[in-house]
1. For residue B:443, only one of the following conditions fails: (1) under 30 Å from residue B:35 (Cβ atoms); (2) more than 16 Å from the chain's Cα centre (by Cα). What is its number?
2. Report, by residue number, each residue of the stretch B:102-116 that is closer than 22 Å to residue B:241 by Cβ and either at the interface with chain A (Cβ under 8 Å from one of its Cβ atoms) or surrounded by fewer than 21 Cβ atoms within 10 Å (Cβ to Cβ) (or both).
3. Only residues that are more than 10 Å from chain A (Cβ to nearest Cβ), touching a strand residue (DSSP E or B) at 6+ places or on another chain (Cβ under 9 Å) and not in a strand (DSSP E or B): list them for the stretch B:23-44, please.
4. Could you identify the single residue in A:132, A:80 that is more than 14 Å from chain B (Cβ to nearest Cβ) and under 24 Å from residue A:45 (Cα atoms)?
5. Identify the residue in the stretch A:66-77 that is buried (at least 17 other Cβ atoms within 10 Å of the Cβ) and without any contact (Cβ under 8 Å) to a residue 60 or more places away in the chain and, among all such residues, is nearest to the other protein chains (Cβ to nearest Cβ).
6. I'd like to know if the stretch A:111-125 contains one or more residues that are in contact with a helix residue (DSSP H, G or I) (Cβ under 8 Å, 6 or more places away or on another chain) and assigned to a helix (DSSP H, G or I).
7. Checking the structure you have, find out if any residue of the stretch A:392-408 is touching a residue at least 40 places away in the same chain (Cβ under 8 Å) and within 14 Å of chain B (Cβ to nearest Cβ).
8. Could you identify the single residue in A:94, A:63 that is under 23 Å from the mean Cα position of the chain (by Cα) and either away from chain B (no Cβ under 12 Å) or surrounded by fewer than 19 Cβ atoms within 10 Å (Cβ to Cβ) (or both)?
């Protein structure tokens, strides 16, 4: 029995009817050429035969004296976590995304370990899909990506033990301990700090006002005061729409070379362009440019240890019509933010973020803070595998993150690299953002503009 | 906003990780001959187009000052309740029952209205399946059956509005009001009474001891003292196995005519024979005969009003080897129980049942009562439709109840008549009762024995 860390607790506290706090992933895999008609059935039987789960997949929540603990689930039943389903005909990607949207909308059952794994048959093109979800109190997005990679291999010959049956690597798997931080983790931690330790509030408030003063004295950097109101920033419902698409890394890099911009700059420009087109079509484009929260690695060397992930606020310049001009404005915005962090220690960065995110976090933790809009949308780029991966002989052709949206942040764009592609996963509140899937076309258009 | 009745609350209080309290139904339907390949897709679109739900399908739970209320769900989203899935290949009944077992094991999400409806494609024989579940706090089994019947028609020409979109009939649909009582309702009510109003405890206890004295003075009637311990009567886990099969009513009636027994007698004899074979194979057959709780209509005329449903305790005589001898012993046991009720008023019946069920109920409500075993298994016969039914043009070929098991009652046999068949739905804790589906073969054997 292990008490939950404040950060893990935060994800449980943040969870509401309209706001489930699990992260997910969707993979598309091409069965091997010599696969028989019972290929997925055999894979499913192999998966199901792993009836024991390792940490954290064997942990369920229990409350003792009002505090939540992780306890080992003595009645763990793989049938409650692994499901083999098929898409109804015609089995297009459309039906798959509709199913994933539904599955991702549903809360995990808190009486059981907080994860589910779906093997999905019936795609018309013969591929299979894997959708998995796990509560953010158990792992963050980066750890989930690592676990997923461990459950695959770089050659088609291997049989892959399911992720829940693999003994944990301490660093990525033990809830409550230190681990790489994703966007949500850091915000959650800040909010947790604020919500739980009222005495830290004055410090954070002081930091916040420092940030406000800095924003006033230097109009070049994006602060809490530059996020306009938009339809992206409303209360959400529990309805989700998921959309996903792959883009060639080489295409994006080529567009970057053409305009002397990094891959990240081009990605932000694609998002800025897409959001501009989408909001314009709805008649909802704010005059002031939208801003985005972008988790970014600040690592100064190539060492694997000591992740320095920070959140920068990047202006998306959705107010600028010309795509190239927009790209360059975004570039400058990103550079300004990065420069600031280069001169800060890790501790200073965390402090700064706690301050910048304070209104956002306080809204959640207490409902008491003014409803300032710190930023309009999160655009998260999770580093993914460099090589082609295989899962029980099937080549993984795509892997898309399925993230979280929260009140005030009705859209989340998360992407990961995979081999020679960049995989975009868009999740949104279906009711707040109608026809969100059109953003996929607008993202393509945003890239094409820079290639033209 | 409506407070929950004590009975409805009881179903929420009884709900635990290992004991979800929803009832379900499985229907098998044959699409019309002229159905195109997109038939189910069209039906699914039609279902989904009904985005508004009527009572009770629009009600969700809310707690105010510690008490639960039904409130209208203002964020009702049909995507959270209706799903169109397919079975993975090969799409046999086996895969269907495995899927239904999984779906029935999962708790309903208490943040949303407590029901789900699945349209399932991909059966190898071209049929479609419908599995639906609804919380017992919202409806009981009989009301659920009525609702299902209203959502079908007797001719294939009609399009059927989904059950959630039909305006309620007061009698069957308004939670908390008086309605026909199923087994669980009555027990729940008794337990609710006991748990909630401590002052009624002495009365009930007195009734119980009267019942005990009666049992001592008349060894012919089944009382709480005659239920032997058995593997059916253990603590259960949350894992479920569902098994279902149809038998011809005419076959069962013919067997009854041959032995001068009623249809119900033959059903109980089939169950007794099946349980004997099943437990014998496991080396778990108790020396003393198993007893069953059987809800039975006590209506003395054909009027539709004033249901008099009572629970009788019928001995299944699993100790007797000869099938015909066993049938006659069961007949006598049923007749004794029925005779008792014939001489009692409705109030006396409820009193008597509260007393007989007291140990059972008290175990649940308080955990304080001695762990007497009132009976070993529930065998419930719900009256079903007399004529063939159609659902959006598809002929309903089978409809099976998917009921509830609880701690101490690891198996539930519920059946309903439908046109010229009797449809058995068996639900059990998969871990307490291994290979439960073998009971289907043993039920067939139990009928064949009486035909021989």
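1. If we test residue B:443 against (1) under 30 Å from residue B:35 (Cβ atoms); (2) more than 16 Å from the chain's Cα centre (by Cα), just (1) comes out false.
2. B:102, B:105, B:106, B:107
3. If the condition is that a residue be more than 10 Å from chain A (Cβ to nearest Cβ), touching a strand residue (DSSP E or B) at 6+ places or on another chain (Cβ under 9 Å) and not in a strand (DSSP E or B), then B:31, B:32, B:35, B:43 are the ones that fit.
4. Exactly one residue qualifies, and that residue is A:132.
5. A:77
6. No: zero hits.
7. yes
8. Answer to the check: A:94.
The values are calculated or read from the model by the stated rules, or taken from the named source; none is laboratory data. Please read all numbers here as calculations on a predicted model, not as lab measurements. Cβ: placed from backbone, ideal geometry, glycine included. Neighbour counts: every protein chain shown.
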